[in-house]
Amino acid sequence: MTLLQNDIKNAFDQIYAEKELKDNTLSFISHQIEFRQKFHLRKIKKHVLVCTILIICMGIRWFSSNIYSQSMSYIDIDVNPSLELAVNRYGRIVDVYAYNDDGSKILQGLKLKNKPYYNATETIFNAMKDMGYIKEQSVLSVTVQSYDETDQKNMLDILKNMAENFIDEKQVSIYSVSEETKHNSHNHHITPAKYLAIAELQEVDPTATIERCKNLSIDQLEQMTHGHESGHQHNYQNDETKTETSSSSNNSSHHGCGMCDNRE
Amino acid sequence: MRDELQARAAIEKYGDTVRRICFMHLKSYSDVEDIFQEVFLKYVLYKNDFESDAHEKAWLIRVTINACKDILKSFFRKNTTSIDNLINQPYCFNDVDANMDVVNAILALPEKYKDVIFLFYYIGYSVPEISHILNKKENTVYTWLNRARAQLKVALGGDFIAK
């Protein structure tokens with residue numbers, strides 16, 4: 001060891017960190033550790049909050065796309081206009097569908113989505129009445145198909161009471177249909193009520209096809225069925241022409257056929 | 001992040017070394033306090049593990065030297081005088097009379113020479129180690145060391161430098 005090294009060592013050995021300096025530093029460090037841990041905790045809390053909000057948003061999105069918008073029941077209304085309302089498990093309209101041009105006219109300008117089905121149905125009945133589709137002698141057919149039997153029964157009761165405010169109860173035909181009937185009618189682009197009416201006609205007139213009969217109104221179909229049962233033949237061409245003419249004049253003669261059948 | 005116990009242990013173990021480096025560079029006690037706190041806070045916040053005690057010590061020395069350089073470079077410090085300089089500083093010497101000539105001679109050296117002298121003669125690092133700590137070329141360290149020795153020789157007389 002050099003003399004210089006020895007002296008430097010001796011000199012610097014005399015220098016020490018004061019107790020006060022150490023204590024102050026330790027106190028500062030403790031405070032900083034505590035502060036940073038709290039800050040870190042706050043940061044974690046913030047992240048947890050953001051994640052929670054994100055999960056809730058995703059949940060809402062999933063709920064709206066999977067649960068809320070899932071159709072659980074279908075209400076088909078046929079006066080001719082023919083319409084379908086898809087109802088979710090909360091009794092709200094999630095989709096509307098017109099089977100024919102008259103149905104489209106009714107739906108024009110109506111905002112039915114997310115409304116309770118009884119309000120939506122009432123709005124449709126009002127529109128039909130205002131536009132002259134529901135008259136004294138009209139036949140109103142409403143079918144309900146639901147995956148829940150209790151819902152189905154409640155819907156039938158509510159819709160029956162409501163329809164009777166618009167038309168004589170003898171001219172109202174409200175009933176439930178099976179999923180299969182609903183599926184088959186939908187495949188042919190007609191309401192279940194019309195599908196069943198055509199099926200009844202086919203029993204007495206095997207030449208009647210869905211394609212030939214789909215433009216006829218339900219009361220016309222029922223009239224033809226009764227006609228066949230009593231031995232009369234019908235000319236489909238004439239009926240179709242009559243329907244088209246009456247439909248285009250928006251004052252159809254089949255609305256007032258005077259021959260109505262209540263399925264219930 | 002290291003905990004309070006680790007901070008306490010480090011202050012006990014390396015506090016004197018950090019204080020000695022501060023002593024060489026800083027005149028104001030408040031600056032010493034600032035650097036002391038800054039160095040040990042950096043130590044607490046340093047995320048990596050140290051390979052050994054020697055690594056830990058070298059890291060603290062490097063951080064202290066850099067912190068002192070930063071504070072000396074500060075425009076505010078260059079252009080103002082701390083009120084601390086005008087009042088009595090807490091004295092950090094155990095023995096006031098001990099080798100004051102040597103201490104004064106080292107304090108009179110330029111900043112860069114102080115470090116090499118301290119690291120070489122007091123801590124006992126080799127030139128390559130000092131070169132690594134100061135992030136300077138070995139030749140530069142050798143040059144600084146020689147120049148520092150020459151200046152000390154003038155200040156203290158030839159006997160001090162004799163091997």
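The values are calculated or read from the model by the stated rules, or taken from the named source; none is laboratory data. Remember, it's a predicted structure, so these values are computed and weren't measured experimentally. So basically every Cβ, Gly included, is an ideal-geometry build from the backbone, and we count neighbours across all protein chains shown. The accessibility values were calculated without ligands, DNA or RNA, using every heavy atom of the protein model including side chains. Shrake-Rupley method; radii C 1.70, N 1.55, O 1.52, S 1.80 Å.
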Residue with peak Gaussian network fluctuation, chain A [Cα springs, cutoff 10 Å], from A:Leu216, A:Leu54, A:Leu201:
A:Leu54
Solvent-accessible area, 1.4 Å probe, carbon plus sulfur percent, for segment A:108-240
43 percent
Specify the inter-centroid distance of segment A:57-132 and segment B:26-49, based on alpha-carbon positions, in whole Å.
72 Å
Segment A:1-95, relative contact order in percent, only Cα pairs under 8 angstrom and at least six apart counted
14 percent
Taking amide H positions as placed in the peptide plane 1.01 Å from N, state which residues far from A:Lys115 in sequence (5 or more) or on other chains have amide H under 5 Å from it.
A:Ile93
The ratio Rg/Rh over the Cα atoms of chain A, Rh being the Kirkwood inverse mean 1/r radius, stands at 1.62
Taking chain A as a Gaussian network, where each spring joins two C-alpha atoms under 10 Å apart, which residue of A:Val94, A:Val172, A:Val50 fluctuates the most?
A:Val50
Rank A:Gln108, A:Gln220, A:Gln32 by mean-square fluctuation in a GNM of chain A with C-alpha springs under 10 angstrom and give only the top-ranked residue.
A:Gln32
List the aspartates and glutamates whose Cα lies under 15 Å from the Cα of A:Lys9, skipping any in the same chain that are fewer than 8 positions away.
B:Asp16, B:Asp95, B:Asp97, B:Asp101, B:Asp115
Using a loss threshold of 50 Å², tell me which positions in segment A:7-22 are less accessible in the complex than in their chain alone. Probe radius 1.4 Å, ligands and nucleic acids ignored.
A:Asp7, A:Ile8, A:Ala11, A:Phe12, A:Gln14, A:Ile15, A:Tyr16, A:Glu18, A:Leu21, A:Lys22
Buried accessible surface, B vs A, both sides, probe 1.4 Å, in Å² to 100, equals 3600 Å²
Inside 10 Å of the C-beta atoms of B:11-23, what's the mean count of C-beta atoms belonging to other chains?
4
Would you mind checking the pairs A:Lys115/A:Lys170; B:Lys27/B:Lys73; B:Lys13/B:Lys57; B:Lys47/B:Lys73; A:Lys194/A:Lys214; A:Lys19/B:Lys57 and listing those with alpha carbons more than 18 angstrom apart?
A:Lys115/A:Lys170; B:Lys47/B:Lys73; A:Lys19/B:Lys57
So what is the accessible area of chain A per residue, in Å², with the probe set to 1.4 Å?
53 Å²
If you average 1/r over every pair of different alpha-carbon atoms in segment B:120-159 and take one over that average, what Kirkwood value in Å do you get?
10.7 Å
On a C-alpha basis, how far is the centre of segment A:8-36 from the centre of segment A:141-169 in Å? Whole number, if you could?
86 Å
